Amino acid sequence: MKYPFANGDAMAARQIDLETILEELSGKGGDIWKSDACGVTRQGTQMPALVHAEAYSSETTRHRVLMIGGLSGGERDVMAVQSAASAYAGSESLRANLALSIVICGNPDGLSGGVGPDNGAGGDPTAGYPPAGDFFLDEQNPEAQYLWRWAAYMAPDAVLEIAVGESTTWESTDSSSELGKSLGAGSLGPSDSLLAALGEGHSSGIDIIPGYRITAPQDQLDAEVQRFFDALLAAATPTNSQARLQLNTRRDRSPMDVAKLLASQYGYTLDPLVYTQGVAISGRLRVGKLAGDLDKTATDIVPLVEPLASDIDSALNETAGQHLAAFVWCDELTTATDDQRYQNLLIGAADRFLGNPMGDPPPVCDSNYRTEDMFFAAAVLGRAFNLTGNSKYIDVLSGFLLGGEVQQSDGLFWHADDYPFFWGRGNGFAAMGFAETLTYMNENHSDREAILSMHRRHLEAMRGRQQPSGMLTQVLDYPGSYHEHTATTMTGYAVARGLRLGWLDESFRPFADSLWAAASERIDFEGGLVDGCGGTGPQPDLRAYLDRPATYGFDDRTGNLALWFAVEMAQLDNA
């Protein structure tokens, strides 16, 4: 799907030129590179990149290097990057020892033949690091936000910036290192440049990434870049950046360790009464069960939910699906305590989903078959069927999932009927909704095969949209949109559950593992997370989805959904 942006014919022509460069380099590199985008400009232009097959590998013996050009909008800089990339692609020795990823042009809307760094929106991608404000809603300089996050979580061993200039100068954030000395590098500035800020060690919550900048006449750049590569390869083994080592440490945690961490931070309130809070309480109960201290966890939770259990009628005053799905923990707490009030609370919530003609959205859901409601309905109706055995609950649920036409021919889901956008979390909601349904639906239910077929087709499509980092994106079919945490963990939860309960075969296991590795890197040691999309209903256009602010740090929605994924992966590992 192509999206219209008001970027004009000139911008479109420039984008086509960059795409041609990308295609030519991809052809020279063969299977070492995947064409990608590292961000989206204010005018909707995708920022072209080539990602090495081992760019995110923690086990590679190659030096992981990120090369960046075109921040100034200079076309000569882009050509210099193209030349350096071609030389790399043609060198068997370099390919054997370096995992080189490339941002071909960090300022595609500023391409101006070297006149200046203005990106056409009043911003300057050469400066302003570390960027502030709401990621990734920046009306002047979004390139800086995208480059900042993308480079930080690639965590290369070194970043090399290339620029054309009248004289040859090497600068480095690590000029006292052996590599810096061998290049004769001076200290790198200015202090708010991308490389300088990455070298300060406050890049998106992770540690230092050394940076090097070569400025030289165009006819000397190839030789200087080769000198950089030769000096890098002179080391007996790759020197991992501190950022890379830190992400390795995060990734090395077991799912259970992460689940315990998240359970210590999330699931201690039901104000407001909404699904995110309920998922966290359920997650705490699941962690308690796996850890062998379910009784203690349940005892801790009982006072929190007592106001709801003691006044069920008032508790059910909230009639929207997102609020009723807050009772997703009720069946688990009933089992843990034998208190039937929790079961009654869940059944009361499920009854609110009944009453509309079969196949229509339930009365507490929107009429346009929103993907959010697929999960809200499944979270309540599936459990009600499991508790009561009354088929009306599962039949209404399956009729709803099969009644809409929001799954498209490629397997992905529109956000809702008449909202033709492949929102990442919207597809996460669909994945979880179908997984929850299959968890409770009988094997012989007449709709099971149809539900399962839709679900498998969807997960295959999601696997095809996974980024080299392992993450899924805010808008699944628009490369360059940000790597979004909830889409990743919700899809991961659905895949891990399907593997554990047997409706997905082992070919899906690498998908689950790669989603987990990517998500766990973006969970810090205090339970903070990186880039979960803020709350949103259906939006009028693509720009609105791209502009949804991404949360950073403690966030109920992102943390709670990550908790469920962590527990499901822990259970899968123990299966």
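Worth a mention:
- Selected residue (only one of SER101, SER35, SER26, SER58 is open to solvent by 10 Å² or more (accessible area, probe 1.4 Å), of a type outside the set (Asp, Glu) and more than 19 Å from the chain's Cα centre (by Cα)): SER26
- Residue match in segment 491-500 (condition: of a type in the set (S, T, N, Q) and in contact with a helix residue (DSSP H, G or I) (Cβ under 6 Å, 6 or more places away or on another chain)): yes
- Scanning segment 215-264 for residues that are under 27 Å from the mean Cα position of the chain (by Cα), aliphatic (A, V, I, L, M) and over 19 Å from ALA155 (Cβ atoms) turns up MET256, ALA259, LEU261, LEU262, ALA263.
- Restricting segment 78-98 to residues that are more than 16 Å from ILE21 (Cα to Cα) and part of a helix (DSSP H, G or I) leaves a set whose member that is most open to solvent (accessible area, probe 1.4 Å) is GLU92.
- Criterion (outside any helix (DSSP H, G or I), among the hydrophobic types (A, V, I, L, M, F, W, C) and at pLDDT 95 or above) met by exactly one of LEU354, LEU345: LEU354
- Residue under evaluation SER310, criteria (1) buried (at least 17 other Cβ atoms within 10 Å of the Cβ); (2) over 25 Å from ALA430 (Cα atoms), criterion not met: (1)
- Within segment 432-482, the residues that satisfy the criterion of being among the basic types (Lys, Arg), crowded, with 17+ Cβ neighbours inside 10 Å and assigned to a helix (DSSP H, G or I) are ARG448, ARG456, ARG463.
- So LEU324, is it more than 15 Å from THR388 (Cβ to Cβ) and either within 30 Å of the chain's Cα centre (by Cα) or open to solvent by 40 Å² or more (accessible area, probe 1.4 Å) (or both): yes
- Annotation: of all residues in segment 341-394 being among the charged types (D, E, K, R) and surrounded by fewer than 24 Cβ atoms within 10 Å (Cβ to Cβ), the one that is farthest from SER282 (Cα to Cα) is ASP360.
- All positions within segment 129-186 that are surrounded by fewer than 18 Cβ atoms within 10 Å (Cβ to Cβ) and among the acidic types (Asp, Glu): ASP134, GLU139, GLU166, GLU178
- Considering segment 215-300, the qualifying helices (runs of 4 or more DSSP H), each wholly inside and each with 3 or more residues that are surrounded by fewer than 16 Cβ atoms within 10 Å (Cβ to Cβ), run over 218-233, 242-252.
- Selected residue [touching a residue at least 40 places away in the same chain (Cβ under 8 Å), charged (D, E, K, R) and either within 30 Å of THR239 (Cβ to Cβ) or in a loop (DSSP other than H, G, I, E, B) (or both)] from ASP134, ASP124, ASP109: ASP134
The values are calculated or read from the model by the stated rules, or taken from the named source; none is laboratory data. Everything quoted here is computed from the prediction, not taken from an experiment. When we count neighbours, we look across all protein chains shown, and the Cβ atoms used for this are built from the backbone with ideal geometry, even at glycine. The accessibility values were calculated without ligands, DNA or RNA, using every heavy atom of the protein model including side chains. Shrake-Rupley method; radii C 1.70, N 1.55, O 1.52, S 1.80 Å.
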